[in-house]
1. As a test question: what accessible area, to the nearest 10 Å², does SER235 have when a 1.4 Å probe is rolled over all protein chains in place?
2. If amide H atoms are built 1.01 Å from N in the plane of the peptide, which residues on other chains or at least 5 residues away come under 5 Å of the amide H of LEU307?
3. Could you tell me the relative contact order of the chain? Use alpha-carbon pairs under 8 Å, at least six residues apart, and round to a whole percent.
4. Could you work out the percent of alpha carbon pairs in the chain separated by over 26 Å, rounded to a whole number?
5. Cross-link candidates for LYS194: which lysines have Cα within less than 26 Å, leaving aside residues fewer than 8 places away along the same chain?
6. Hey, what angle do you get for helix 261-282 against the long axis of the chain, alpha-carbon based, 0 to 90 degrees rounded to 10?
7. Report the extension gain between ARG274 and HIS301 in nm, rounded to one decimal, defined as 0.36 nm multiplied by the number of residues separating them, less their alpha carbon distance.
8. Amide H of VAL49: which non-local residues (sequence gap of 5 or more, or other chain) have their own amide H closer than 5 Å, using H built in the peptide plane?
Amino acid sequence: MGTPGLDQWVLHVDLDQFIAAVEVLRNPELAGRPVVVGGRGDPTERGVVSTASYEAREHGVGSGMPLRIAARKIPDAVFLPVDADTYNEVSQVVMDTLRGFGTVVDVLGWDEAFMGVQTDDPEAFAREVQAAVLDATGLHCSVGIGDNVLRAKIATGFGKPRGIFRLTRDNWFAVMGERSPDSLWGIGSRTVKKLDALGIRTVRELARAPVDEMAARFGPKTGPWLVGLGAGAGSTEVSAEPWVARSRSRETTFQHNVGDWNAIAECVRGLAARAVDDVRGEGREGVRVALKIRYAPFVTHTASVALPSPTTDLATVTEAAVGLLDRFDHEREVRLVGVRVEMTPPENGRSL
């Protein structure tokens, strides 16, 4: 039950340049320098950027970029390896700090969470959150305030860095109306191209798109959902129920392109074994296997197949994964291989 007389808000708390900021805390001499964290911290190896400091982003370096390209853009950048244990530890302190406000906290990852808040002054509450996180960890965060989850999430981007921004039904179209649909949480470049082909190039146009036509083009669920996104529709509920993974995946990046597909098949077998171990650790079973191949230089294809029945039998999963290799071009060299095992739904929690 809510508190009478107080409005219900969703706050999205997003730590600013989290991984890079943690590294600067550990080594203050890095402050103000372009810092790139990814892989084993060696830009001569294959790997991708996990995060980049704001100073590095000013040079066009961003998450997901190959480390080698980042090094070409900023030869004098500081490259550091990913230290997941430390990031987990700091993240836990942040999330415990948020829970200390006595509100519902929905953790999305290392560096972000939703809070369900009842208050008549959400900006003041957000400032208290920022101060508490800074005091507990030395880290800065931005806070998006919304009347639902979608708007709160998007609002954070307007507040970065170290800021606060409110986005609600009242100012949705004033802020978002003329922006591209890819500014919406959940819409990627492929969908934007399809929308563009329909003459839908702004959030306002998406909100006004005929639902029947969108359902016919994108499907009975996706079409109306996209129109709803354009209008800023989203859940107003924040749940503390934990997210539970829908799948487990393992992948490897070769330091040199591989053209021997027998060697690739052997790699797939090893990745499948590790993924099955992960699934068993969840206490669940696999229902579908997917294979990801990234050809040289950087083109990624995927294929998947349903398993005959839910299982954690290694031979069955491995056979399915290796069998998917037949769907790929064996004349091309490969730089990355990944195996994903989708699992049965969890008994408790929300699948992601």
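The values are calculated or read from the model by the stated rules, or taken from the named source; none is laboratory data. All values reported here derive from a predicted model rather than from experimental measurement. A quick note on method: Cβ atoms are made from the backbone with ideal geometry, for glycine too, and the neighbour counts reach across all protein chains shown. Heavy atoms of the whole protein, side chains included, go into the accessibility calculation; ligands, DNA and RNA do not. Shrake-Rupley method; radii C 1.70, N 1.55, O 1.52, S 1.80 Å.
1. 60
2. Amide H to amide H, under 5 Å and 5 or more residues apart or across chains, LEU307 pairs with ARG288, VAL289.
3. 15
4. The proportion of pairs with Cα distances above 26 Å equals 62 percent.
5. Candidates past the 8-residue exclusion: LYS153, LYS221, LYS292.
6. 50
7. Answer, rounded to one decimal: 7.6 nm.
8. For VAL49, the qualifying residues are GLY64, MET65, LEU67.
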